[in-house]
1. Could you tell me which residue of the stretch 253-277 is farthest from Ile230 (Cα to Cα), considering only residues that are of a type in the set (Val, Ile, Thr) and over 21 Å from the mean Cα position of the chain (by Cα)?
2. Could you check the stretch 184-285 for strands (runs of 3 or more DSSP E) lying wholly inside it with 1 or more residues that are in contact (Cβ under 8 Å) with a residue 12 or more places away in the chain and more than 18 Å from Ser132 (Cβ to Cβ)?
3. Are any of the residues in the stretch 215-229 surrounded by fewer than 18 Cβ atoms within 10 Å (Cβ to Cβ) and within 21 Å of His113 (Cα to Cα)?
4. Output the residues belonging to the stretch 10-33 that are closer than 17 Å to Glu55 by Cα and either among the charged types (D, E, K, R) or touching a Pro at 6+ places or on another chain (Cβ under 9 Å) (or both).
5. Run Thr6 past the list (1) modelled with pLDDT of 75 or more; (2) exposed (fewer than 11 other Cβ atoms within 10 Å of the Cβ); (3) in contact with a Leu (Cβ under 8 Å, 6 or more places away or on another chain) and report the number of the one that doesn't hold.
6. Return the residues of the stretch 117-146 that are of a type outside the set (A, V, I, L, M) and part of a helix (DSSP H, G or I); say none if nothing qualifies.
7. Could you give me the residue pairs with C-beta distances under 7 Å whose first residue belongs to the stretch 125-140 and is farther than 17 Å from Asn115 by Cβ and at pLDDT 85 or above, whose second residue is assigned to a loop (DSSP other than H, G, I, E, B) and among the basic types (Lys, Arg) wherever it lies, and which are 6+ apart or on separate chains?
8. Here is a list of conditions, (1) closer than 30 Å to Gly224 by Cα; (2) at pLDDT below 80; (3) among the hydrophobic types (A, V, I, L, M, F, W, C), and Ile81 meets all of them except one; can you say which number that is?
Amino acid sequence: MYRVYTAHKTGKQQLRIRCGENEWQVTTNNYGFFQLNGKQIKEGERITYYMNGGEQPVSIFSFEDEFYYADPKKLGVISDIDDTILHTNATNVVKKLRQTVGKTVHKRKNVIHMNDLYQQLQYLGAEFYYVSNSEMNLYYLIHHFLENKNFPLGPIYLKPLRRLNHLLYKRSKKVAKYLHKIEKIRKLLDLYPDKPYLFIGDSGQQDAYVYTHLAREYPEQVKGVYIRDIGKRIDFKEYERYRKQLEQLGIPFEVFDSARDIIGTLTKCASVWQQDLLDEGKGND
């Protein structure tokens, strides 16, 4: 794991991307990443990449051609990662660093019963989107963790690459720090305005603040906010304020200790929401 924080990034590269009869020209950012509107990409089509005007395809991802196709007629679950499904001690810099750098994916512990909950929701038709304040360096670890611990796979949205010494820097203020999550989730909500979502996070990193902010902005899409209590950092007055704000919009806000506490409620509600989506789809045909 040490190497993922010491690797050098290559930015500002010209890429030509070809898929079927479509072709795009993109430039990577300072971190070596790019964004592409790939609505023309069809499932199963092969994608090739060419760098700096070259004619020989290059491999730029270990998980090359791994795409997730969102279905507007399926419930979406937007989930945090650190201390929601993966034990990381995200609120303690020293412990998090020890966990992140010192442990392989097979030694990382999942939050008990969360994979059971997510599997049940996936069985009912839900799609999963993982949005975390972790850095892009950990993408492969997180992907392997999801596979290894039997969590549903889905897109993983992380912050830009960081160097090892950056992990020890003082964190920024709340609004700036969580702007990444707000921006990424807002894009997902805007992508399919009629698609309903569940928000699942934990009490360690102000997920309740982020989710309540977005639920008030998108009250028709957000079906519930569920926060795992990690045993500290809960301001009960603040959480009660969030609950009342969302209650006025008809959106449940619940704090839970174990996934077993909410699995019955969520699976029952998810089944109803999914059936409503299917019925709406039939009505529009």
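1. If we take residues in the stretch 253-277 being of a type in the set (Val, Ile, Thr) and over 21 Å from the mean Cα position of the chain (by Cα), then Val272 is farthest from Ile230 (Cα to Cα).
2. Because the criterion is at least 1 residues that are in contact (Cβ under 8 Å) with a residue 12 or more places away in the chain and more than 18 Å from Ser132 (Cβ to Cβ), the strands (runs of 3 or more DSSP E) in the stretch 184-285 that meet it are 222-228, 253-256.
3. Checking the stretch 215-229: at least one residue is surrounded by fewer than 18 Cβ atoms within 10 Å (Cβ to Cβ) and within 21 Å of His113 (Cα to Cα).
4. Answer for the stretch 10-33, where residues must be closer than 17 Å to Glu55 by Cα and either among the charged types (D, E, K, R) or touching a Pro at 6+ places or on another chain (Cβ under 9 Å) (or both): Arg16, Arg18, Glu21, Glu23.
5. (1)
6. Scanning the stretch 117-146 gives Tyr118, Gln119, Gln120, Gln122, Tyr123, Asn137, Tyr139, Tyr140, His143, His144, Phe145.
7. Gly125/Lys74
8. Unmet condition: (2).
The values are calculated or read from the model by the stated rules, or taken from the named source; none is laboratory data. Just so we're clear, the structure is a prediction, and the values are computed from it rather than from any experiment. Here Cβ is always computed from backbone atoms with ideal geometry, including for glycine, and neighbour counts include all displayed protein chains.
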